[in-house]
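Written out below as structure tokens is the structure these notes cover.
The values are calculated or read from the model by the stated rules, or taken from the named source; none is laboratory data. Owing to the predicted nature of the structure, the values given are computational and were not obtained by experimental measurement. Here the Cβ positions follow ideal geometry from the backbone for every residue, glycine too, while neighbour counts run over all protein chains shown. These accessible areas exclude ligands, DNA and RNA; they are computed on the full protein's heavy atoms, side chains included. Shrake-Rupley method; radii C 1.70, N 1.55, O 1.52, S 1.80 Å.
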Amino acid sequence: MGRHLSEQNRHLNNKKEQAVRTGKETSSAGLSYMERRMAGRTGREAAVAAIVPAMIAAVLLAAFMFVPLDGWMRCVAFLIPFVIAGFDVFMESVERIAARNYFDKAPVTLIAAIAAFSVGYYPEADLLLILFGVNRLVEGIVSNLCGRDVSELPSIKPETANVETAEGVLNVTPDCVNVGDIVVVPAGERIPLDGIIVEGMTTVDTASISGQSRPWAVTEGYRVYSGCRNLTSEIRVKVTKGFEQSTASRIVRLSHKAPDYKSNQEERTERFVSVYTPVMLAAAFLLAVIVPLFNGGWTEYIRRSAVLLIMACPAYASLAVSLAYIKAIGAAAGCGMFVKGSDCIESMAQSETVIFDKTGTITEGRYIVTDVFPVNMTDHELLTAAASAEMFSRHPIARALRESAGAIDTQNIRISQAEELPGRGVSALVGDARVYVGNTALLEEHGITCEIPSRSGAAIHVAVDGRYCGHILVSDRVRSGAFDALESMRVQGVKKMVLLTGDVLSVARPLASKLNFDMLRAEQKPEDKLSAVTYLMSNKGIRSTVAFVGDGNTDGALMKRVDVGIAIGALGSDAAFISADVLMMDRDIKKLPRLFGLSRMTYRIALENMAVGICVSVGISVLGAVGIMPVLGTVICGFALNTAVLLNAIRIK
């Protein structure tokens, strides 16, 4: 989890540095041979250019197979398609060797083809190079399909913004707009920067960011986010965040960096390939050179070494594993769920314990006052005292108290020394009176005895100058679809559901029972929640992980402690962008099963690609070393294996 935090706030503020880096990335010197050859071509043109040599070589190979040729004429004839199909492989191999990348698939394949050709297996050598080109085409197509969702994300960032200036409205790039500027967003255009509407009323489509297909109505005073599309009428927006910190920029940045954080499956596969290929090359050398010195039979042993060389570089297995995770990251982004790394996908796939924060996650976080029980004062006086102390709190309960109390005359009521006490409530001076508003623990800390509520609901107790003044009952509603979402996650393999809440046990227990939670921790202060999470982390299985689901605002420390933190309703939350590993932009809890199901499917497909790619390569190599596997069969099996593991990644949806 921690390695994502260090990258979250790193971005290119210095435009010169960005230009230098971009220049390095796009310079011809930094491109491979194939990239330089395909530069300037469209996707279809590049595909045609890549496959034409292989097609020409294949036609010639097929023709020469039916022409009766012997001796040197047969060798020369088959050398023609060998050169045509192998030219690109040769150029790429030279480049790889010059870069000291000796075990790349291009030079290894070229050596295998030369070895087969040298002992008279002309058609097999030609076919190997032809299928290498076809595999490259398949690789490019599959890579484009798997990375399409991620590669299309930059389109959510508007390229221009209409900013109001003293000279009128100017059309500029969004990075030239400052915080506090007013931008005009006509109907049909994307909102260029995060801000607050200062004039106009419209509907906004957030599908590109949140995955929600239903537009929502906004008017003056509402927050809007970059990347969303203004649908119906022109609005004026006051910018609250610069371009690099705007929602669209941050989403694009984290999605593009996600493949850099590799899963354990990817790292294990790459480590295996890095060891397996040199071992196979050494074994091929021994078979081709050392063994014949003692046993003779040079042609046979070179043939066997060619089989080893053909299967010596299972790089497609490694690529197929990575493509599976890239496809999953893109599929999640299409649903408004942005994952910070492939390792997060893997952690969710292995999670057997999922911890939920209650308020704003399992429940809607929209409290309402259901009843008031004053002591020696009126209902309104009790509500006013509580709302005054909670005047500056952002907690959902504080908002409910203020709404219930109505307008408070802050001109005549002086509120000072307001202090939020996490997990307990608030303390404030209202006028000259010290007011405590919170749970039983807060009042008991100050020697104040509370009444026991006679009705169900979360009780907010109020005390003024050490005198108990009554309690207020508030309630929160369970999110629609929460029960079905949690049950679906159980079916997918989650074994333990844990609910953490600061509510009293009498309020939390019915909710936990209703939703079938396996474990409940009520009346939890922040430090108590952290202790509970630490306990669950220390008692998890060797190969299992722990996930935490919250809002990302008040539970950042918990998200850092677990294997993967998931923030629900992350749109507009800076804290969630920093602390969470997975950002669910809307508050639809029904997406959680989709997220966990996608992760588990990805893990399974990546495991299939890794296991099949490695096991089949090893098996064919062993059969080839003992002389059972023919060169032609190895070439065909190698092509089928590479194509199969690549296409397997496309199944992720």
Stretchable slack from Ser475 to Val169, in nm (0.36 nm times residue separation minus alpha-carbon distance): 105.3 nm
Run the reach check for Lys653 against aspartates and glutamates, Cα to Cα strictly under 17 Å, same-chain hits fewer than 8 apart removed. What comes back? Asp149, Glu152, Glu346, Glu608
Mind listing P(r) for segment 279-352? All alpha-carbon pairs, 5 Å bins, whole percents. 3, 14, 16, 12, 9, 6, 7, 8, 8, 8, 6, 3, 1, 0
Can you tell me the order of 163-176, 548-561 when each peptide is scored by its average per-residue count of other Cβ atoms within 10 angstrom, highest first? 548-561, 163-176
Hey, could you pull the Cα Rg and Dmax for segment 614-653, both in Å? 12.2, 42
Starting from the Kirkwood Rh over alpha-carbon pairs, what translational D in µm² s⁻¹ does segment 378-464 have by Stokes-Einstein at 37 °C and 0.692 mPa s? 251
If you place +1 on the Cβ of every Lys and Arg and -1 on the Cβ of every Asp and Glu, how big does the dipole about the Cα centre of the chain come out, in debye to the nearest 20? 1460
Using helices alone, I'd like the mean residue ellipticity at 222 nm for the chain: each DSSP H run of four-plus residues gives -39500 (n - 2.57), total over residue count, nearest 500. -16000 deg cm²/dmol
Segment 431-586 pair-distance distribution - Cα-Cα, 10 Å bins, rounded %: 10, 30, 34, 19, 6, 1
Kirkwood estimate for segment 297-437, i.e. one over the average of 1/r between Cα atoms, Å: 21.1
For segment 422-490, alpha-carbon Rg over 2.2 N^0.38 Å: 1.50
Could you give the angle, 0 to 90 degrees to the nearest 10, between helix 591-625's Cα long axis and the longest principal axis of the Cα atoms of the chain? 20
Counting every C-alpha pair in the chain, the percent lying more than 32 Å apart is 62
Students sometimes get this wrong: rank His461, His256, His380 by accessible area, probe 1.4 Å, all chains present, largest first. His380, His256, His461
HN-Hα J in Hz across segment 512-519 - Karplus 6.51, -1.76, 1.60, θ = phi - 60°, x for Gly and Pro: 4, 5, 4, 9, 6, 5, 7, 9
Would you be so kind as to identify which of Ile84, Phe338, Ser579 lies farthest towards the positive end of the dipole of the chain, taking Lys and Arg as +1 and Asp and Glu as -1 on Cβ and the Cα centre as origin? Ile84
Counting only protein heavy atoms and rolling a 1.4 Å probe, one gets per residue an accessible area for the chain in Å² of 45
Could you tell me which residue out of Pro526, Phe117, Ser538 lies farthest along the dipole of the chain toward its positive end? Charges go on the beta carbon: Lys and Arg +1, Asp and Glu -1, centred on the Cα centre. Phe117
Could you order Glu390, Glu352, Glu444 by accessible surface area, starting with the largest, using a probe radius of 1.4 Å? Glu444, Glu352, Glu390
Under 21 Å from the Cα of Lys358 - lysines, other chains or at least 8 residues apart: Lys495, Lys496, Lys514, Lys525, Lys529, Lys560, Lys590, Lys591
Rounded to the nearest 20 debye, what is the charge dipole size of segment 452-596 about its Cα centre when +1 sits on each Lys and Arg Cβ and -1 on each Asp and Glu Cβ? 460
Which order do peptides 578-587, 397-406 fall in by mean Cβ count within 10 Å, highest first? 578-587, 397-406
Of all the C-alpha pairs in segment 101-191, what % are more than 20 Å from each other? 63
Taking one equal scatterer on every alpha-carbon of segment 116-167, how large is log10 of I(q)/I(0) by Debye at q = 0.21, 0.29 1/Å? -0.83, -1.01
Can you give the alpha-carbon Rg of segment 40-197 over 2.2 N^0.38 Å, where N counts its residues? 1.77
Taking the chain as the reference, fit the longest principal axis to its C-alpha atoms, fit the long axis of helix 396-405 to the helix C-alpha atoms, and give the angle between the two in degrees, 0 to 90, nearest 10. 30
Sort out for me the Cα centre separation of segment 118-164 from segment 188-231, rounded to whole Å. 35
Please compute, over every Cα-Cα pair in segment 91-147, the percentage with a separation greater than 18 angstrom. 45
Counting only protein chains, not ligands or nucleic acids, how are Ser475, Ser318, Ser118 ordered by accessible area (probe 1.4 Å), most first? Ser118, Ser475, Ser318
Measure off, as a whole percent, the carbon and sulfur share of the 1.4 Å-probe accessible area of the chain, all protein chains present. 57
Expected output is a single nm value to one decimal: the length gained when fully extending between Glu444 and Asn295, i.e. 0.36 nm times separation in residues minus the C-alpha distance. What is it? 44.5 nm
